[in-house]
Amino acid sequence: MKEFTLMKPRAISGYPIHRAVAGLTKGAPHIWRDNGETLTIRTAVTDRHIGAT
């Protein structure tokens, strides 16, 4: 598993976060946490696939 921390858009909350994370991980198994200004995502997807830098 890898862990990524991404800045969260201010206009997103609730279920749309779930859908955004599922899109970023391309449906791979994942867990995520809303930290307020950031999202922490844990997944087996590599950084080349999630688009994180």
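Quick rundown of the values:
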quantity	calculated
Net charge of neighbours whose Cβ lies under 15 Å from the Cβ of Tyr15, counting Lys and Arg as +1 and Asp and Glu as -1	+1
Sites matching trypsin sites (Lys or Arg not before Pro) across region 1-48 that sit in DSSP coil, with at most 12 neighbouring C-beta atoms within 10 Å	Arg10, Lys26
Cα-projected label distance for Thr38 with Ile17, points at 7 Å along beta-carbon direction, nm	1.4 nm
Around Glu37: net Lys/Arg minus Asp/Glu count, Cβ-Cβ under 15 Å	+2
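Coordinate-derived values only; no laboratory data. Here the structure is a predicted model, which means the values were calculated and not measured. Positions of Cβ are backbone-derived with ideal geometry, glycine not excepted, and every protein chain shown enters the neighbour counts.
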